[in-house]
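The values are calculated or read from the model by the stated rules, or taken from the named source; none is laboratory data. Every value quoted in this text rests on a predicted model; they were computed, and no experiment measured them. Reconstructed Cβ throughout: ideal geometry from the backbone, glycine too, with neighbour counts over all protein chains shown.
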Amino acid sequence: MTATRTNIEFAKRIFIDRVGNDYVYGGNWDPLNVKAGTDCSGLVIDELDAAVNGTAMAWSRHGMSTESWRPIEVGQTGTIFNTICVASPNDFPADAAVKIAIHHGPGGGANSHMWCEVDGIRMESNGSDGCVTGSRARSVYDTGYANDWHYLPGPIVDRDTEPDGVQVLSLAMAPTIVGHDQLAAYLPHFAEAMRAAEITTVLRAAAWCSQVGHESSGLRYMAEIQTSGPDWSWDRTRYRGRGPIQLTWQSNYRKFGQWCKTRGYVTDSELFVNHPELVEEPKWGFLAASWYWLYGGPRPGQINGFADAGDILAVSRCVNGWVDTPNGMPDRTARYNRCLSLGAQLLSLLTPSMPIDPIEELLMSNLAVPSLSIYADPGEPDVPIVDMIRALDAHGPHEPYVENQARLGEPDAIRRVARTAAGQGKYGTAAGPVNQAKAVLNEIKQSNPAVLQQFLAQNGARS
């Protein structure tokens, strides 16, 4: 077994963020609350989970405690993490990823204790001192108190030579409960939004990530949780906060659409006014954050300047209505400092190594293509791909839909069929389309002559 350097660094980071937290018997670390305490086994379980699974860890005790290691014999593996029991700390392999020491007291529970070491960092949560490290934490090589030892096999390997974009995004959004697959889906859109918002330096990236992370709870939410309220107007309800920085009000949805059109993202500047729910989608939600960053809020156009000055308070005030003390300022600051510690890795988010899925890219694009239906209006504008898919969902392919509607007497459908049969449709006098349309007219003449006679009476011989 090996442990990736990325996962080990993640395990170390979630511990360092929580040093000084209270000891809480039966507690569990919370990805959304770095102040939440845990007990000795809760700490070790989370560290093992992080070392094995990285950002996909469960943030759960998995029903385990110190007693989960009690019946394991020397040399055997145990627990869901496949840790290995050794007779003494002298038997720890030099390349062990995580080393664990345990004191099994009478009856277990409060009479037992455990602690660990990850990549040379001591980690312990005890009833007297809470979450501690360094000389305040016990050594896993202790033999005076510990009476059981286990380890997670290494070695620790650098699996990737370049920063993994998903891992960097996870660290930049920490604490977060969003898993690897969802972050991977977000990454291309997050990168495009950073470029659109002119996030070109570490200071700007740290400010951007800290605000996006706080406002969305680490990308957990792409829309305001509350959907309505007793005092909400129609505008406030229909145009509620959407996207990771919560674009709100019709006027801002309209400005966002106008900006998107000038940037070539959309062809219809009223798209988001007419379809506000689109801003909950990653592509548009992240770009809405870009628009706000550059042109929205109480200090339009000033956020990057404040970021360049390292003024995270001013950045936060821009995002939170320019109040004296923005909501959640301690979390915004903590996120900002964690992002700063990532340094140049943050800039790897601008050019993610993971390409967007081609089907997703097609559906998210503004690509429009001509209809190939023989009943399409000659010279009609190209149809957006998304509209074609919606039409397929509604009534299936265009040609059989038009023909069925014509059989039922729908005037526009009969007009389309008659026009094509007369050689005046999209493909002119091409034999295939003309003969297909004539066959449909003959069928209608036999099965429902009244609707055809009515059409001819109203339209004459014109097609």
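When the stretch 386-408 is limited to residues that are at pLDDT 90 or above and in a loop (DSSP other than H, G, I, E, B), the one that is nearest to Gln458 (Cα to Cα) turns out to be Leu408. Scanning the stretch 268-295 for residues that are more than 21 Å from Thr227 (Cα to Cα) and either in contact with a Lys or Arg (Cβ under 8 Å, 6 or more places away or on another chain) or outside the structural domain of Asn252 (by TED's automatic domain parsing) (or both), we see that the one that is surrounded by the most Cβ atoms within 10 Å (Cβ to Cβ) is Trp291. Total residues in the stretch 138-159 satisfying the condition of being over 34 Å from the mean Cα position of the chain (by Cα) and either part of a loop (DSSP other than H, G, I, E, B) or more than 15 Å from Val74 (Cβ to Cβ) (or both): the figure is 10.
Kindly indicate whether Pro93 is in contact (Cβ under 8 Å) with a residue 24 or more places away in the chain and either outside any strand (DSSP E or B) or touching a strand residue (DSSP E or B) at 6+ places or on another chain (Cβ under 9 Å) (or both).
Working: in contact (Cβ under 8 Å) with a residue 24 or more places away in the chain: yes; either outside any strand (DSSP E or B) or touching a strand residue (DSSP E or B) at 6+ places or on another chain (Cβ under 9 Å) (or both): yes.
Yes, satisfied.
Filtering the stretch 51-78 to residues that are among the polar types (S, T, N, Q) and without any contact (Cβ under 8 Å) to a residue 40 or more places away in the chain leaves Ser60, Ser68, Gln76, Thr77. Scanning the stretch 416-429 for residues that are buried (at least 16 other Cβ atoms within 10 Å of the Cβ) and either of a type in the set (S, T, N, Q) or out of contact with any helix residue (DSSP H, G or I) (no Cβ under 7 Å at 6 or more places or on another chain) (or both) yields Arg419, Thr420, Ala422, Lys426. Pick from the stretch 194-215 the residues that are small (Gly, Ala, Ser) and either more than 14 Å from Val168 (Cα to Cα) or free of Cβ contacts under 8 Å to residues at least 40 places away in the same chain (or both): which of them is surrounded by the fewest Cβ atoms within 10 Å (Cβ to Cβ)? If we take residues in the stretch 194-215 being small (Gly, Ala, Ser) and either more than 14 Å from Val168 (Cα to Cα) or free of Cβ contacts under 8 Å to residues at least 40 places away in the same chain (or both), then Ala196 is surrounded by the fewest Cβ atoms within 10 Å (Cβ to Cβ). Test Ile14 against the criterion of being part of a helix (DSSP H, G or I) and more than 25 Å from Asn147 (Cβ to Cβ), and give yes or no. Yes, satisfied. For the stretch 51-81, filtering for residues that are touching a Cys at 6+ places or on another chain (Cβ under 8 Å) and in a helix (DSSP H, G or I) leaves 2.
In contact (Cβ under 8 Å) with a residue 24 or more places away in the chain, assigned by TED's automatic domain parsing to the domain that holds Thr333, assigned to a loop (DSSP other than H, G, I, E, B) and among the polar types (S, T, N, Q) - does that describe any residue in the stretch 226-237? Within the stretch 226-237, none of the residues are in contact (Cβ under 8 Å) with a residue 24 or more places away in the chain, assigned by TED's automatic domain parsing to the domain that holds Thr333, assigned to a loop (DSSP other than H, G, I, E, B) and among the polar types (S, T, N, Q). With respect to (1) aliphatic (A, V, I, L, M); (2) more than 24 Å from Met57 (Cα to Cα); (3) out of contact with any Phe, Trp or Tyr (no Cβ under 6 Å at 6 or more places or on another chain); (4) not in a loop (DSSP other than H, G, I, E, B), the lone exception for Ala193 is condition (3). If I ask for residues that are surrounded by 14 or more Cβ atoms within 10 Å (Cβ to Cβ) and aliphatic (A, V, I, L, M), which ones from the stretch 104-138 would you list? Answer for the stretch 104-138, where residues must be surrounded by 14 or more Cβ atoms within 10 Å (Cβ to Cβ) and aliphatic (A, V, I, L, M): Met114, Val118, Ile121, Met123, Val132, Ala137.
Being among the polar types (S, T, N, Q) and over 49 Å from the mean Cα position of the chain (by Cα) is the filter; apply it to the stretch 412-438 and report the residue that is nearest to Leu456 (Cα to Cα).
Gln424
Among what's in the stretch 373-395 and is within 20 Å of Ala418 (Cβ to Cβ) and not aromatic (Phe, Trp, Tyr), pick the residue that is surrounded by the fewest Cβ atoms within 10 Å (Cβ to Cβ). Ranking the qualifying residues of the stretch 373-395, first place goes to Gly379.
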